[in-house]
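Everything below concerns the one structure shown next.
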Amino acid sequence: MSTDRLQGTYDPRYEGIYQRGGATDAGPRMISEAPPAPALPVTPPDEAATLGIVEVGPDTVQVTEEPRPRNPLDVWIWVAAAMLTGVGFYILSGPMLFEQQMATQVGDGATSAYAMTPWVYWMNPAAPPLILLGLATAVAQLFVLSIRHTLRTR
């Protein structure tokens, strides 16, 4: 802590710029300027280094990036998802599609067990799992493709 009586005195331990009322210009204290940086050697432009630089204009548009390979199973996964969903909806709507055929069999007096319970009735419980599996496959494929796209664009 300092007192008022010591504030106007000069402290020889510090330079004048740090004293109250001392010099405010730092220029006179500099002894010499720093030497200039050495000049960098000038090298002629290398043709291999300029191949990556391409001017963009209406006549000079070039595609330099080659397409990345796609997963060949992507198409088959989409086909499997569509087939599972389609078969599930077909089986689910089976009783409505074959209603006329079953009505004629009953009207003709068919008494066999197969005529009374066609495949659409005993396959009907399989429809919701097939639809769910097909839709889940499609959603999982979309998720995988979005993650793959995100990782490629980083």
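The values are calculated or read from the model by the stated rules, or taken from the named source; none is laboratory data. What you see is a predicted model; the values in this text were computed from it and never measured. Cβ atoms come from the backbone with ideal geometry, glycine included; neighbour counts cover every protein chain shown.
Restrict the check to region 30-46 and report whether at least one residue is outside any helix (DSSP H, G or I), charged (D, E, K, R), over 45 Å from the mean Cα position of the chain (by Cα) and modelled with pLDDT of 70 or more.
yes
Is one or more of the residues making up region 61-72 of a type in the set (Lys, Arg), at pLDDT 70 or above and not in a helix (DSSP H, G or I)?
Yes, that holds for at least one residue.
Scan region 87-102 for residues that are within 13 Å of ALA127 (Cβ to Cβ) and either assigned to a loop (DSSP other than H, G, I, E, B) or touching a residue at least 40 places away in the same chain (Cβ under 8 Å) (or both) and report the count.
Qualifying residue count for the region: 4.
If I filter region 74-86 for residues that are part of a helix (DSSP H, G or I) and either farther than 30 Å from ARG152 by Cβ or modelled with pLDDT under 80 (or both), do I get at least one hit?
yes
Quick check: anything in region 121-143 surrounded by 13 or more Cβ atoms within 10 Å (Cβ to Cβ), at pLDDT below 80 and out of contact with any Ser or Thr (no Cβ under 7 Å at 6 or more places or on another chain)?
Checking region 121-143: at least one residue is surrounded by 13 or more Cβ atoms within 10 Å (Cβ to Cβ), at pLDDT below 80 and out of contact with any Ser or Thr (no Cβ under 7 Å at 6 or more places or on another chain).
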